[in-house]
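Read the structure below first, then the notes.
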Amino acid sequence: MILLPLRRFLLTGCFFFACFMSVMAQSTVKYPIPTGNPNQLLFLQRDPNTNTIVYELNVKSNGELDTENPVHAYWIRYQDKGQKEELNYIQRNFAYGLKSKTLSKDQYVLHFVSYKTKLFYLKKGADNKFSLFTDINKKQAVIKQIFVRVKGGSFWLPNVEYVELKGIDPTNGAEVMERMKI
């Protein structure tokens with residue numbers, strides 16, 4: 001008779017311990033920071049692994065910006081051997097790809113194919129180098145990093161808990177951050 005409540009207590013305790021460990025493991029993941037690419041504009045990381053998408057200036061062999069496709073995106077597969085890998089068709093056209101439109105010479109507006117309402121502006125900054133600007137906390141900033149927290153869902157409809165934008169305030173160099181519910 002006493003074994004039934006004890007068994008229920010132990011099973012419940014194990015369930016809560018497993019949930020706690022899952023949350024702790026998720027929050028302690030160390031995401032690598034891609035470095036060494038002078039053309040890197042920003043990088044995107046998301047659950048459930050440390051593979052990273054890098055967005056860089058798409059420069060032709062003569063050193064000029066490709067005006068038809070100014071930003072190139074690719075994976076760094078940290079989970080494998082750290083190799084570069086192109087986005088596949090589905091990733092490029094339904095998830096992580098960027099669409100661009102020319103506004104004027106050396107100025108473009110971009111958006112993710114999966115989220116058209118957040119706009120990014122590729123333009124030359126005060127240093128005469130291209131940077132990617134967007135609003136972070138309702139103020140123009142140079143975007144450097146995006147993190148997408150995914151909690152469940154499916155391949156075609158992931159449950160995005162939030163998107164975190166990190167960047168630099170161009171007026172004072174301070175780091176800025178905003179967490180958006182999607």
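Quick check: net charge around I182, other residues with Cβ under 13 Å of its Cβ, Lys/Arg +1 and Asp/Glu -1? If you can, show how the numbers build up before the last one.
Details: positive: R46, K116, K118, R149, K151, R179, K181; negative: E161, E164, E178.
Here the charged neighbours net out to +4.
Give K124/K151; K30/K144; K30/K181; K81/K123 a once-over and call out the pairs whose C-alpha atoms are over 26 Å from each other. Mind dumping the intermediate values first?
Numbers: K124/K151 37 Å; K30/K144 18 Å; K30/K181 23 Å; K81/K123 34 Å.
The answer is K124/K151; K81/K123.
Exposure proxy ranking for T35, T134, based on other Cβ atoms within 10 angstrom of each Cβ and starting from the fewest, stands as T35, T134. For K84, the aspartates and glutamates whose Cα comes closer than 14 Å to its Cα, not counting residues fewer than 8 places off in the same chain, are E56.
Estimated purely from DSSP H runs of n ≥ 4, each contributing -39500 (n - 2.57), the mean residue ellipticity at 222 nm for the chain is -5000 deg cm²/dmol once divided by its residues.
Helix 3-27 and the longest principal axis of the C-alpha atoms of the chain enclose an angle of approximately 10°.
Given charges of +1 on the Cβ of Lys and Arg and -1 on the Cβ of Asp and Glu, with all other atoms neutral, how large is the dipole of the chain about its Cα centre, in debye to the nearest 20? Kindly include the intermediate steps, with their values, before the conclusion.
Values: 25 positive and 16 negative charges, 99 e Å.
Charge dipole of the chain: 480 debye, to the nearest 20.
Available extension along the chain between Y121 and L87 is 10.1 nm, counting 0.36 nm per residue and deducting the alpha carbon span. Toward the positive end of the charge dipole of the chain, with +1 on the Cβ of Lys and Arg and -1 on the Cβ of Asp and Glu, the farthest Cα among V176, N39, V142 is that of V176. Suppose R0 equals 35 Å; then what is the FRET efficiency for L103 and R179 from their Cβ-Cβ distance, rounded to the nearest 0.05? So the FRET efficiency works out to roughly 0.80.
Here the extension length gained between N69 and L157 equals 29.0 nm, from 0.36 nm per residue of separation less the Cα-Cα distance.
Any read-out appearing in this document is the output of simple, stated calculations on the displayed coordinates, not a laboratory observation. Quantities reported herein were computed from a predicted structural model and do not represent experimental measurements. When we count neighbours, we look across all protein chains shown, and the Cβ atoms used for this are built from the backbone with ideal geometry, even at glycine.
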